[in-house]
1. Rolling a 1.4 angstrom probe over the protein chains, ignoring ligands and nucleic acids, what is the accessible area of Trp269 in square angstrom, nearest 10?
2. Just to verify a number: what accessible area does Thr133 come out at with the full protein assembly present, 1.4 Å probe, Å² rounded to tens?
3. Compute the FRET efficiency between Asn462 and Leu401 as 1/(1 + (r/R0)^6), taking r as their Cβ-Cβ distance and R0 = 41 Å, and round to the nearest 0.05.
4. If the cut-off is 20 Å between C-alpha atoms, which aspartates and glutamates fall inside it for Lys390, apart from same-chain ones fewer than 8 positions away?
5. Express in whole angstrom the spacing between the alpha-carbon centres of the range 228-257 and the range 67-121.
6. Using R₀ = 35 Å, calculate the FRET efficiency as 1/(1 + (r/R₀)^6) where r is the Cβ-Cβ separation of Phe280 and Cys339; round to 0.05.
7. Residue by residue through the range 16-23, which ³J(HN,Hα) values in whole Hz follow from phi under the Karplus form 6.51 cos²θ - 1.76 cosθ + 1.60 (θ = phi - 60°), with glycine and proline marked x?
8. For the chain, with every protein chain kept in place, what is the accessible area per residue (1.4 Å probe, Å²)?
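The values are calculated or read from the model by the stated rules, or taken from the named source; none is laboratory data. This is a predicted model, so every value here is computed, not measured. For neighbour counting, all protein chains shown are included, and Cβ atoms are generated from backbone atoms with ideal geometry for every residue, glycine included. With ligands, DNA and RNA removed, areas are computed over all heavy atoms of the protein, side chains included. Shrake-Rupley method; radii C 1.70, N 1.55, O 1.52, S 1.80 Å.
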Amino acid sequence: MDEPKVTGTKPKMSTTRKILLILGFLSTLAAIALITVAVTQNQPLRKNIKYGIVLDAGSSHTNLYVYEWPAEKENDTGVVQQVEVCKVEGPGISGYSQTTEKAGPSLVQCLRQAEEVIPAEQHQETPVYLGATAGMRLLRLENKDAADKVLSSVEKTLRSAPFSFQGARIISGQEEGAYGWITINYLLGNFKQSGWKKFLHSLKSISETSGALDLGGASTQITFVPDEISPESPQNLLYFRLYGKDYQVYTHSFLCYGKDQALQQKLAWDLQSAENSSLFDPCFHQGYQRTISMSNFFKNPCTSIEEKQFPFSQLHIEGEGNYEKCRRNIQILFNKTNCPYSSCSFNGIYLPPLQGDFGAFSAFYFVMNFLNLTSDVPFTLDEVASAIQKFCARPWHEVKLQYHQIKEKYLSEYCFSGAYILSLLENGYEFTTENWQRIHFLGKIGSSDAGWTLGYMLNLTNMIPAEEPPAPPLSYSSYVGLMVLCSLVLVSVILLAWLLFHKPKCLQKGIV
Ligand SMILES: Nc1nc2c(ncn2[C@@H]2O[C@H](COP(=O)(O)OP(=O)(O)OP(=O)(O)O)[C@@H](O)[C@H]2O)c(=O)[nH]1
Ligand SMILES: [Ca+2]
């Protein structure tokens, strides 16, 4: 039989194959064009940054915060961040009660710093707010005229800065608690409800937020979403609708229970049993001495209820360094005898059962951080108490030598502050060994300080919408990723089709 002749000339490509080849080529080109267009067309526009300034005029000092956020995303959660903090030199604005005209000028240096951080062309449109807290609340109680003059002086200075002045006022304890709660939950991303979390929430109608514990110099706040809302004490309840979800929040601010005023209260109590101008104090280190002037001691609204006449003008305090005795001493500040509600914290103030995790900031953090009690692995309540007890037992000369770089005012009071924090949390709010580890001591979340200022600004600039803003179904990166994937699938399909129509010999061999 004659073998078929193998000729040396290539077989001519059929018209169908030619068309397929051209189609394949064109599809590859189309896929490349598709990806290029997707990537370039949807590139986020050059960031248009906005700024806002909030001054936290606290009892111990004033802090100026500068925040920034991308203009086109201002209603999204978690986009505002702190870019600068400036600590104002000198005392808090309430410390200018005798020289009220100096309160405003004390802020100038920090305002200059803000001018450097914010581009000059945006100064005019940048809002500036000042909120004063417990120090000014106390001054208003003690001397309303002085408090008004301090606020006028501060307003004059802020109006003369190149920013857009939006107000300088004393905020209420309720606002302070609520804005602190908003700040930490905004920064922790707890208002963001996406994907499975949103689905889970809609099923169980739960809202997992973190409670907020703020310890200042003159007041302290506790704010959280309780399990059950009881209408017993409506003045402690707040209602928010944020990003399409309702929140019923419990809050209370204890004036005079910030750590500086708590110490004043404790001394006022100690003085009741003082026999002469010398007082032993178990909350200071052994060997530590301090003299306090009696002339203005009882003018303070936090101590005035204990007012008594003394035949001396100076009180000499000598440290004993005894933690247990110090705790017993502090206990007197928390009156647990009378509760007109189903449950109370202290002094007859309603407190629903504690619920969920808590973020504890300001002095809760400063003190616990100094005592090395804020590590990621949480300490037990017993471990914390034992660390504070050991610290209190150290003689002052030794402590001073080891921490010579720390301001004496802060260093000398860490023993008292540690004991006070435990008393407030354990005796006041009744945290137990079981739920102690639900308290997380935090100074910053990301680049932003935990505190009420961010929540205040978000609220006043209407940056937290009641309803969830309509969001594109896909993020930019998911969109580009999907485009690339689709294009790759398209190219592969075309390649496969081409291979099937134009089977190379090697692929044909095994096929019957
Ligand atoms: N150790 C330490 N203590 C600090 C620091 N900053 C402030 N404090 C002290 O911690 C306490 C609370 O400080 P803040 O949270 O700033 O209190 P505040 O805002 O001035 O006071 P309120 O008006 O009651 O909120 C005060 O006794 C301050 O003196 C710090 O950096 N380190
Ligand atoms: Ca404060």
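1. For Trp269, solvent-accessible area is about 90 Å².
2. 10
3. 0.20
4. Asp281, Glu318, Glu320, Glu324, Asp382, Glu398, Glu408, Glu413, Glu426
5. The distance from the Cα centre of the range 228-257 to that of the range 67-121 comes to 29 Å.
6. Values: r = 33 Å, r/R0 = 0.95.
FRET efficiency, Phe280 to Cys339: 0.55.
7. Computed from phi, the couplings for the range 16-23 are 4, 5, 4, 4, 4, 4, 4, 4 Hz.
8. Values: 26960 Å² over 512 residues.
Normalised by residue count, the accessible surface of the chain is 53 Å².
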